[in-house]
Structure formats: C-alpha cells, structure tokens
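So the structure is just underneath, and the comments pick up after that.
The values are calculated or read from the model by the stated rules, or taken from the named source; none is laboratory data. Since this is a predicted model, take the numbers as computed values, not measurements. Every residue, glycine as well, gets a Cβ built from its backbone with ideal geometry; the counts of neighbours run over all protein chains shown.
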Amino acid sequence: MNIGLIGSGGREHALCQKLSESRLVDKIFCFPGNAGTQIIANNVKADILNFDLILKLIRFYKIDIVIVGPEEPLVRGIVDFLKKNKVKVFGPNKFASKLEGSKSFVKNICKKNNIPTADFKVCRNKQDLKIFLKKSKFPIVAKADGLAAGKGVTICNTKQQLFKVSEEIFKGKFQTSKKIVVEEFLSGDELSYFLIVDKDNFRFFGSAQDHKKVREKDRGPNTGGMGAYSPSPLLNEKLEKKIIDRIVKPTLNALKKHNNFYTGFLYVGLMIKNGEPYLIEYNVRMGDPECQVIIPRLKSDLVRIFKDTINNNLKKTKIIWKKEKSMTIVLCSKGYPGNYKKNIKIKNLKSIKIDKNMRIYHAGTKLQNGHIISIGGRVLNITSIGKNFFEIRKKIIKILKKLNWKSGFYRKDIGWRIKK
Ligand code: AMP
Ligand code: GLY
C-alpha cells in the first residue's frame, strides 16, 4: 500500500517512522516532509494548501490512503475535497474541524450541552468586552476566534492589556476571524488527552503533558511546544470516565446532531482542578510534540489502525501500548519563538549514536548536499522511552550535549512538575 503524509514537523516524522515499520506499506510520500522523512520515505515538494496540486500528486504516485498531520489544511477542507475526488483520507472534515478552527463554535457547543469549561463571552467590539468585565475578575484569557498559529491566546492581567490585545484582533490581526473569545482564567494542571475517532466509535490514543513556554519553569512567551512526556501521571480511570462522559461524548453527539461526524485524531486540551476536568480547547490533529512521545509507546501497527479508522472499523482494531514512559526535548534555533537564523548546518548529527529506545525526530530541517540544515524554529526532537522520567531526561540531555549545536537551545527541565 502507498501512503501519503501531509506535513513537515516532528509530528509527521514520528508518524512516518512508525508507518515505515509496517509490513503493509510499500511506499510513503511526504508532502513536503523534512530531512528526517527524506531518509526513510519520499519527500515531494508541494504547497499543502494547494488541494488541486495535492490531488494530482496523489494520483500520480498511486497513493492509497492519505494522512493529514497539521490543522490548516483540515480547517480549510482538504478532507471534503479529497473524499469528493474518491481519495481515502484520515482526518476530520471542514465542519468538524471547526472544533479547532473556531473557538466560539466550541464554546457554544459547550454552553448548549453543559460541557465543563471556563465561563466566556464571544466579543465583536469593546462594548461586548465591557459587558463581560462587569461580572469577571482578572486574569482574563483573551483568545482569537480563528486559527492563529499558536499565537492567539493571551492571559491578561489588566483592563489596558485586554483592550489592547482585543483591539488588534477586532482590526484583523489574524485573518481567519475578527471575533474574540474572552474567558475566565482556570487554575489547575493541564492534561492533553488523545483519541482516535471513526464514525461510530472512539479509542484512547495516549495522554501527554506539553511545555509551551520557552523558558525553564514555564516562563517567557508561548511556543509551539518545547518538550513533552507521556503518559500524564494526572490521568486515572475515574478522571478518564469524567472526560469521556462530560466532555467527549456530548461533543461528538453535538456534531452528529448537525448531521456530521468527527473522524480522525482528537486532541482534548484540559485543565484538571481538584480532580474535575474542564475543557480548554480542542485540536483536530495530534499534538506536536505530544505525538513524538505517544507514537514511540505504540506497539500496534499504525497503518492498520489508520486503515481500520478510515473503513469505520476502529472497534476491532488492535491498539496496544508499551508500559515504558516517554519524553522528548525540542532543540530550537536561538531566538525562537522570535526571530532566528535559518540555513545553519547541524554538524554533529550524523555522528551521534543512539540506542534502540531513542529516536531523533526532525522538524525544521532539510537535506542539502548531504548536510542537515536548520530551516525552522523547532529543529529536532530528541526522544526516548524508558522506565523513569528522570533517567530518560538525563539520557536525552547527554545526547543534546554531544550534539553541541551552537545555534540552538533547549529546556533542561522538561517534566519539572513530575513528583515521582
Ligand atoms: P489554547 O490555544 O486555547 O490551548 O491556549 C493556549 C494555552 O493557554 C493553554 O495551553 C493554557 O496553558 C492557556 N489557557 C488557555 N485558556 C485558559 C484558561 N481559560 N485558563 C487558564 N489558562 C488557559
Ligand atoms: N503541542 C501543542 C499543540 O500541538 O497544539
């Protein structure tokens, strides 16, 4: 079977690596992939938002199933487009992708279905904000309604800050929407909970904890994610039941009422307070870097899982997890998430030796004349499974020290909140 994989991050390299281990695979084509995927699959240059071009390439390379990694093509309707053209594709359609593409859409579903989440108001102007302020205390969280490449959320401590952030969004800072969702600040512990979903069923697909802030002890600006570990020690059977009954099922049923189905990965972003789950957000894809810690823990054949999901056969598919824990540390270009230099050689990468429990997943890299060159803010994900998070972290940092990439930096404290 030939597989098409859309995306170019660490998430896609992790998926690609796992897919390549399946006996069901003949060839994998990555649109456009990175240096890591190029070594194990075939990279094909393509703009992933040019759906006509993607369709042509799918037909040219005789691709049997397509897996969509990132949110933007999903939110813009790549699944509807490919299905209409008789291509088998894994991922939610345009309507269901509003779970990530529109914060107001999700909040309204929560309100109608009593799903626990922060109190909120959808605002179109300053007047709306003032109404919300009358009944709320700071900090207040301001969120751009549409996709904002991880830059749409600000925790505001003062009225001035809230008005400034909102004004920019009302004026169109993010092209996807001029609306803003303001909501109460939730305290507690964050948990990323993942599911794989077909028309009739859903199955657990791992839990993880991301580290979004750029600096140690969770300080500084937000990033795409500086590191993660899996499983999350927060999750237990009782909590999971609450997440499923109070949040997941009512959401999937609400979509069904609109005569729509959710299929694909579902990323449930939660705040856990005194053992109670609150929905922070949905993403309609795997997390990045969460995927890089969940996939190494998967024992079962990923191709079969995707195939079964596409054929609405998820109920029967085998999804077995390793007992080991997993962690990844992201090596970034100095300056990220602000400005950083590109096109810098990562000299020592080829000479690094890792054991069978480790993986180095590429993100912003390309191959040029046999050299691996950085082209993004997040560059590599050094990942390992093992028995103990502290030991795993030590092992990863040892590799990062050996790599000694002078243009990069990383957080040395991934997992700092773990107590045991
Ligand atoms: P989002 O893009 O909605 O995931 O928000 C990004 C990050 O902002 C989350 O991972 C949380 O750390 C934080 N955040 C979002 N909403 C809230 C909230 N209501 N209360 C506290 N923190 C929040
Ligand atoms: N790691 C956060 C995200 O994928 O959105």
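Checked against the criteria, Ala148 counts as free of Cβ contacts under 8 Å to residues at least 60 places away in the same chain and within 25 Å of the chain's Cα centre (by Cα). In the set (1) at pLDDT 90 or above; (2) touching a Pro at 6+ places or on another chain (Cβ under 7 Å), Lys164 fails one condition alone, (2).
Restricting Ile28, Ile39, Ile58 to residues that are under 23 Å from Ala96 (Cβ atoms) and either in contact with a Pro (Cβ under 6 Å, 6 or more places away or on another chain) or of a type in the set (Val, Ile, Thr) (or both) narrows the list to Ile58. Just one of the listed residues (Leu129, Leu99) is assigned to a helix (DSSP H, G or I) and closer than 16 Å to Leu266 by Cα, namely Leu99.
Between Lys111, Lys121, the distinction of being touching a residue at least 40 places away in the same chain (Cβ under 8 Å) and surrounded by fewer than 20 Cβ atoms within 10 Å (Cβ to Cβ) belongs to Lys121 only. Is it true that Tyr278 is within 15 Å of ligand 1 (Cβ to nearest atom), hydroxyl-bearing (Ser, Thr, Tyr) and either modelled with pLDDT under 95 or under 10 Å from the mean Cα position of the chain (by Cα) (or both)? Spelling it out, it is not the case that Tyr278 is within 15 Å of ligand 1 (Cβ to nearest atom), hydroxyl-bearing (Ser, Thr, Tyr) and either modelled with pLDDT under 95 or under 10 Å from the mean Cα position of the chain (by Cα) (or both). For region 199-212, a residue qualifies if it is under 13 Å from the mean Cα position of the chain (by Cα) and surrounded by fewer than 20 Cβ atoms within 10 Å (Cβ to Cβ), and exactly one does: Lys212.
Rundown of residues vs (1) within 16 Å of ligand 2 (Cβ to nearest atom); (2) in contact (Cβ under 8 Å) with a residue 60 or more places away in the chain; (3) of a type in the set (A, V, I, L, M, F, W, C), yes/no style:
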| position | (1), (2), (3) |
| --- | --- |
| Ile244 | no, no, yes |
| Val248 | no, no, yes |
| Leu255 | no, yes, yes |
| Lys273 | no, yes, no |
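This table checks each residue for (1) charged (D, E, K, R); (2) surrounded by fewer than 20 Cβ atoms within 10 Å (Cβ to Cβ); (3) touching a residue at least 60 places away in the same chain (Cβ under 8 Å); (4) more than 18 Å from Gln38 (Cα to Cα).
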{"residue": "Glu324", "(1), (2), (3), (4)": "yes, yes, yes, yes"}
{"residue": "Thr328", "(1), (2), (3), (4)": "no, no, yes, yes"}
{"residue": "Leu367", "(1), (2), (3), (4)": "no, yes, yes, no"}
{"residue": "Leu400", "(1), (2), (3), (4)": "no, yes, yes, yes"}
{"residue": "Phe409", "(1), (2), (3), (4)": "no, yes, yes, yes"}
{"residue": "Ile414", "(1), (2), (3), (4)": "no, no, yes, yes"}
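Out of Tyr267, Tyr278, report the one residue that is within 16 Å of ligand 2 (Cβ to nearest atom), in a strand (DSSP E or B) and within 27 Å of Gly225 (Cα to Cα). Every option except Tyr267 fails the conditions. Scanning region 220-242 for residues that are modelled with pLDDT of 95 or more, within 16 Å of ligand 1 (Cβ to nearest atom), of a type outside the set (Phe, Trp, Tyr) and not in a loop (DSSP other than H, G, I, E, B) gives Gly227, Ala228. One residue stands out in region 199-218 among those that are in a strand (DSSP E or B) and more than 13 Å from ligand 1 (Cβ to nearest atom): the one that is nearest to Leu129 (Cα to Cα), namely Val214.
Considering region 281-311, and only residues there that are more than 16 Å from ligand 1 (Cβ to nearest atom) and either outside any helix (DSSP H, G or I) or at pLDDT below 95 (or both), the residue that is surrounded by the fewest Cβ atoms within 10 Å (Cβ to Cβ) turns out to be Lys299. Taken across region 373-382, residues that are over 27 Å from Pro231 (Cβ atoms) and among the aliphatic types (A, V, I, L, M) do occur, with at least one present. When Gly386 is tested against (1) surrounded by fewer than 20 Cβ atoms within 10 Å (Cβ to Cβ); (2) in contact with a Leu (Cβ under 6 Å, 6 or more places away or on another chain); (3) not charged (D, E, K, R), just one condition goes unmet, and that condition is (2). The numbered conditions (1) surrounded by 22 or more Cβ atoms within 10 Å (Cβ to Cβ); (2) within 16 Å of ligand 1 (Cβ to nearest atom) are all true for Ile196 except (2). Report yes if Leu15 is within 19 Å of Ile58 (Cα to Cα), in contact with a helix residue (DSSP H, G or I) (Cβ under 8 Å, 6 or more places away or on another chain) and within 16 Å of ligand 2 (Cβ to nearest atom), otherwise no. It is true that Leu15 is within 19 Å of Ile58 (Cα to Cα), in contact with a helix residue (DSSP H, G or I) (Cβ under 8 Å, 6 or more places away or on another chain) and within 16 Å of ligand 2 (Cβ to nearest atom).
Any chance region 213-227 includes a residue that's under 26 Å from Lys111 (Cα atoms), of a type in the set (Gly, Ala, Ser), buried (at least 21 other Cβ atoms within 10 Å of the Cβ) and within 16 Å of ligand 2 (Cβ to nearest atom)? Checking region 213-227: not a single residue is under 26 Å from Lys111 (Cα atoms), of a type in the set (Gly, Ala, Ser), buried (at least 21 other Cβ atoms within 10 Å of the Cβ) and within 16 Å of ligand 2 (Cβ to nearest atom).
Among the residues in region 16-32, are any of a type in the set (Lys, Arg) and closer than 25 Å to Ser177 by Cβ? No, region 16-32 contains no residue that is of a type in the set (Lys, Arg) and closer than 25 Å to Ser177 by Cβ. Scanning region 135-182 for residues that are of a type outside the set (Gly, Ala, Ser), within 16 Å of ligand 2 (Cβ to nearest atom) and surrounded by fewer than 16 Cβ atoms within 10 Å (Cβ to Cβ) yields one hit, Lys151.
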